[in-house]
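Participant: The structure's right below; bear with me while I get my questions together.
The values are calculated or read from the model by the stated rules, or taken from the named source; none is laboratory data. Owing to the predicted nature of the structure, the values given are computational and were not obtained by experimental measurement. Reconstructed Cβ throughout: ideal geometry from the backbone, glycine too, with neighbour counts over all protein chains shown.
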């Protein structure tokens with residue numbers, strides 16, 4: 001029964017990747033990025049404001065860290081997808097997101113003292129080549145001539161931001177409940193994204209874009225993290241993380257039916273290599289010869 005929680009979270013995130021694409025032409029990226037977190041804050045405030053205020057000494061002591069987490073995990077990672085959506089496909093976005101477990105693992109090894117494994121080394125190479133095949137449509141030569149598509153590049157930056165976020169979240173271990181920490185980061189996102197919202201052109205909320213904003217707010221911003229945290233609580237982080245590998249597969253299937261996106265051989269080849277690399281990094285745990293542990297920087 002508990003396996004339903006990470007599966008539900010991954011499904012919410014996969015649909016949200018398609019929703020990102022549906023926002024193109026109906027609402028500006030800075031608008032939905034801001035409204036998403038503003039509405040999430042409005043929904044969470046009645047439940048979490050008092051508990052978070054009671055924990056104010058802890059919040060105040062870690063205010064700088066909470067700001068960095070909110071900036072990376074909520075403002076940068078979540079919002080960049082809206083800016084990337086006009087420049088790439090939902091399928092590409094989903095496959096680039098599949099790099100996240102490998103990138104997070106590498107960051108953990110570099111900064112948290114985790115032992116470097118053969119799976120991490122070989123798996124990261126497979127995953128990176130797979131993503132390159134996807135973003136170059138199978139012609140790696142175009143990378144030297146034209147560079148990376150702007151949308152795919154933004155998604156790579158977003159994934160890197162979230163890998164740093166995940167590493168810092170683990171390293172800092174802020175003594176708040178998961179929901180209080182989520183709420184505090186949501187408030188940071190509202191503050192950080194407000195100036196961009198003010199300066200951005202605006203379509204305004206209407207019948208075409210309001211359902212997209214509400215989905216991003218309720219399901220992607222609140223429902224998915226809650227389901228994911230529930231999965232980790234009952235199944236443990238390792239078994240839960242495996243479900244994230246379904247994200248590109250579900251995204252590609254939903255995009256094909258909902259957006260009529262065509263799956264080419266480069267999607268199958270690149271997506272397969274990316275997933276294979278992720279599975280290698282998670283399952284091949286033989287340590288690389290060398291120092292027992294990598295030292296975390298000061």
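Participant: Can we say residue 76 is outside any loop (DSSP other than H, G, I, E, B) and either in contact with a strand residue (DSSP E or B) (Cβ under 6 Å, 6 or more places away or on another chain) or surrounded by 14 or more Cβ atoms within 10 Å (Cβ to Cβ) (or both)? Don't jump to the end; show me each part of the working.
Facilitator: Numbers: outside any loop (DSSP other than H, G, I, E, B): yes; either in contact with a strand residue (DSSP E or B) (Cβ under 6 Å, 6 or more places away or on another chain) or surrounded by 14 or more Cβ atoms within 10 Å (Cβ to Cβ) (or both): yes.
It is true that residue 76 is outside any loop (DSSP other than H, G, I, E, B) and either in contact with a strand residue (DSSP E or B) (Cβ under 6 Å, 6 or more places away or on another chain) or surrounded by 14 or more Cβ atoms within 10 Å (Cβ to Cβ) (or both).
Participant: Select from the range 1-21 the residues that are over 15 Å from residue 223 (Cα atoms), over 15 Å from the mean Cα position of the chain (by Cα) and crowded, with 19+ Cβ neighbours inside 10 Å and list them in ascending order.
Facilitator: 21
Participant: Let me confirm something: among 51, 46, which residue is touching a residue at least 12 places away in the same chain (Cβ under 8 Å), under 30 Å from residue 175 (Cβ atoms), exposed (fewer than 15 other Cβ atoms within 10 Å of the Cβ) and more than 15 Å from the chain's Cα centre (by Cα)? If you could, list the steps in order and put the result at the bottom.
Facilitator: Working: 46 fails: touching a residue at least 12 places away in the same chain (Cβ under 8 Å).
Answer to the selection: 51.
Participant: Can residue 34 be described as touching a helix residue (DSSP H, G or I) at 6+ places or on another chain (Cβ under 8 Å), surrounded by 15 or more Cβ atoms within 10 Å (Cβ to Cβ) and under 15 Å from residue 182 (Cβ atoms)? Talk me through it step by step, then tell me what you get.
Facilitator: Values: touching a helix residue (DSSP H, G or I) at 6+ places or on another chain (Cβ under 8 Å): yes; surrounded by 15 or more Cβ atoms within 10 Å (Cβ to Cβ): yes; under 15 Å from residue 182 (Cβ atoms): no.
Considered against the rule, which asks whether it is touching a helix residue (DSSP H, G or I) at 6+ places or on another chain (Cβ under 8 Å), surrounded by 15 or more Cβ atoms within 10 Å (Cβ to Cβ) and under 15 Å from residue 182 (Cβ atoms), residue 34 comes out as no.
Participant: Here is a further query. Taking the range 194-211, which residues are loosely packed, with under 13 Cβ neighbours inside 10 Å, within 25 Å of the chain's Cα centre (by Cα) and under 17 Å from residue 39 (Cβ atoms)?
Facilitator: Correct list: 211 only.
Participant: Taking residue 85 as meeting all but one of (1) modelled with pLDDT of 90 or more; (2) within 23 Å of the chain's Cα centre (by Cα); (3) over 18 Å from residue 178 (Cβ atoms), write down the number of the exception.
Facilitator: Residue 85 satisfies all of (1) modelled with pLDDT of 90 or more; (2) within 23 Å of the chain's Cα centre (by Cα); (3) over 18 Å from residue 178 (Cβ atoms) except (1).
Participant: Determine whether the range 224-240 contains at least one residue that is at pLDDT below 70 and surrounded by 14 or more Cβ atoms within 10 Å (Cβ to Cβ).
Facilitator: Checked against the condition, which is being at pLDDT below 70 and surrounded by 14 or more Cβ atoms within 10 Å (Cβ to Cβ), the range 224-240 yields at least one hit.
Participant: Continuing with the same structure: What number of residues within the range 55-66 satisfy the criterion of being part of a helix (DSSP H, G or I) and more than 17 Å from residue 166 (Cβ to Cβ)?
Facilitator: Of the residues in that region, 8 qualify.
Participant: Right, something else. Could you please find all residues in the range 251-267 being under 20 Å from residue 10 (Cβ atoms), surrounded by fewer than 19 Cβ atoms within 10 Å (Cβ to Cβ) and either in contact with a strand residue (DSSP E or B) (Cβ under 9 Å, 6 or more places away or on another chain) or at pLDDT 70 or above (or both)? Reasoning before the result, please.
Facilitator: Initially, the range 251-267 is screened for residues under 20 Å from residue 10 (Cβ atoms), giving 251-259, 261, 263, 267.
Of the ones still in play, those that are also surrounded by fewer than 19 Cβ atoms within 10 Å (Cβ to Cβ) are 253, 256-259, 263.
Answer for the range 251-267, where residues must be under 20 Å from residue 10 (Cβ atoms), surrounded by fewer than 19 Cβ atoms within 10 Å (Cβ to Cβ) and either in contact with a strand residue (DSSP E or B) (Cβ under 9 Å, 6 or more places away or on another chain) or at pLDDT 70 or above (or both): 253, 256, 257, 258, 259.
Participant: Might you let me know whether the range 128-142 holds any residue that is modelled with pLDDT of 85 or more, surrounded by fewer than 16 Cβ atoms within 10 Å (Cβ to Cβ) and part of a helix (DSSP H, G or I)?
Facilitator: The first filter runs over the range 128-142 and keeps only residues modelled with pLDDT of 85 or more, leaving none.
No - not one qualifying residue is present in the range 128-142.
Participant: Still on this structure, please answer the following. When both residues are 6+ apart or on different chains and their Cβ atoms are under 7 Å apart, which pairs have a first residue that lies in the range 55-82 and is at pLDDT below 95, and a second that is outside any helix (DSSP H, G or I) and surrounded by 19 or more Cβ atoms within 10 Å (Cβ to Cβ)?
Facilitator: 82/23
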